[in-house]
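Here it is, the structure, as structure tokens.
The values are calculated or read from the model by the stated rules, or taken from the named source; none is laboratory data. All of these numbers come straight from a predicted model, not from anything done at the bench. Cβ placement follows ideal geometry from the backbone for every residue including glycine, while neighbour counts extend to all protein chains displayed. To get the accessible areas, we keep the full protein, side chains included, count just its heavy atoms, and leave off ligands, DNA and RNA. Shrake-Rupley method; radii C 1.70, N 1.55, O 1.52, S 1.80 Å.
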Amino acid sequence: MLNEPSLCTRREDGRNLPVLVWRAERPLLSASSAALGGGLGVRSWVINATVPMSYDRDDPIEHLAELAAGFGLDSSGVGLLTGVDVAEVVARTDTGVRVWATVGLGVPIWAAAPPECAPAVPASAVPASAVPAPAVPGADGHPVGTVNIVVYVPARLGPAALINAVATATEAKAQAIAELGVPGTGTPTDAVAVCCPTEGPEAPYGGPRSTWGAPLARAVHRAVLAGGARPVRPWSQRSAG
């Protein structure tokens, strides 16, 4: 089982920054798009770390590994970064599926856009209900919002079902964003991690009408909808008062 996350802090550049740390009771199967620990594999922990808007490191994998080591996480795990204050995490449960989401929608994008389009939607195009969201500078230097989603499914999923579950979580996220009236399908730096037990009969499907994909979709949808509907400021703005 993936335990409820602990809200921790680390000292960095003279500031105390928040980090969510999930520890698994035993190693779990994971499918993730995260920079650290992405892909398919066995993972024992997840971290979601807040970084300031001025974040400019070009080695996020090494940075996340350093953070994990600082919390005594010495096995394989998944590491995520966000400009959102991770203390504002939204958790939802449906039929045993547990979802945690940190939601930043300040600069949404459409997944399929012509190559000549600008990489980000102007802030003026985002409705007030979507709120200016936390952001992390992307590789192109533009500030971008981030939606990080962590999922625990209490049954073993087959490899294809795990990948399908990541797609299902992404579809549910996009549905919530559409219902919020935000002009986009997500942000350039969104990440998903789906974890499940390593033992037991393999569920073959993870789509939105499957046994585990359906509650996963509902929980992700509710978490992103709730997180995106409330006013949020980047952690660095909040910490400055």
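Residue-by-condition table, conditions (1) among the hydroxyl-bearing types (S, T, Y); (2) in contact with a Lys or Arg (Cβ under 8 Å, 6 or more places away or on another chain); (3) open to solvent by 40 Å² or more (accessible area, probe 1.4 Å):
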{"residue": "A31", "(1), (2), (3)": "no, no, no"}
{"residue": "L36", "(1), (2), (3)": "no, no, no"}
{"residue": "G39", "(1), (2), (3)": "no, no, no"}
{"residue": "V46", "(1), (2), (3)": "no, no, no"}
{"residue": "A87", "(1), (2), (3)": "no, no, yes"}
{"residue": "A91", "(1), (2), (3)": "no, yes, no"}
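Ok, one more. Pick from R11, R26, R98: which is of a type in the set (K, R) and either within 18 Å of T189 (Cα to Cα) or surrounded by 13 or more Cβ atoms within 10 Å (Cβ to Cβ) (or both)?
Going through R11, R26, R98 in turn, just one is of a type in the set (K, R) and either within 18 Å of T189 (Cα to Cα) or surrounded by 13 or more Cβ atoms within 10 Å (Cβ to Cβ) (or both): R98.
For the range 75-85, which positions are open to solvent by 10 Å² or more (accessible area, probe 1.4 Å) and out of contact with any Gly (no Cβ under 8 Å at 6 or more places or on another chain)?
Once the filter is applied, which keeps residues that are open to solvent by 10 Å² or more (accessible area, probe 1.4 Å) and out of contact with any Gly (no Cβ under 8 Å at 6 or more places or on another chain), the range 75-85 yields S75, L81, D85.
Can you tell me which of (1) farther than 17 Å from G96 by Cβ; (2) part of a helix (DSSP H, G or I); (3) touching a strand residue (DSSP E or B) at 6+ places or on another chain (Cβ under 6 Å) is the one I177 doesn't meet?
Only one criterion in (1) farther than 17 Å from G96 by Cβ; (2) part of a helix (DSSP H, G or I); (3) touching a strand residue (DSSP E or B) at 6+ places or on another chain (Cβ under 6 Å) is unmet by I177, namely (3).
Could you give me the residue pairs with C-beta distances under 6 Å whose first residue belongs to the range 185-206 and is closer than 15 Å to A160 by Cα and surrounded by fewer than 22 Cβ atoms within 10 Å (Cβ to Cβ), whose second residue is of a type in the set (A, V, I, L, M) and modelled with pLDDT of 95 or more wherever it lies, and which are 6+ apart or on separate chains?
If the second residue must be of a type in the set (A, V, I, L, M) and modelled with pLDDT of 95 or more, the pairs left are T198/L29; A203/A155; A203/L157; A203/A161; P204/A161; Y205/A161.
In the range 31-79, what count of residues is obtained for those that are outside any loop (DSSP other than H, G, I, E, B) and either among the basic types (K, R) or in contact with a helix residue (DSSP H, G or I) (Cβ under 8 Å, 6 or more places away or on another chain) (or both)?
Step one: list which residues in the range 31-79 are outside any loop (DSSP other than H, G, I, E, B), which gives 31-32, 36, 39-50, 60-70, 78-79.
Filter once more, so that each one left must be either among the basic types (K, R) or in contact with a helix residue (DSSP H, G or I) (Cβ under 8 Å, 6 or more places away or on another chain) (or both): 31-32, 36, 40, 43, 45, 47-50, 79.
Number of matching residues: 11.
What's the total number of residues in the range 56-72 that are among the small types (G, A, S) and over 16 Å from L20 (Cβ atoms)? Outline the logic, then answer.
Going through the range 56-72, the residues among the small types (G, A, S) turn out to be 65, 68-70, 72.
Add one more test, that the residue is over 16 Å from L20 (Cβ atoms), and what stays is 65, 69.
Selection size over the range 56-72: 2.
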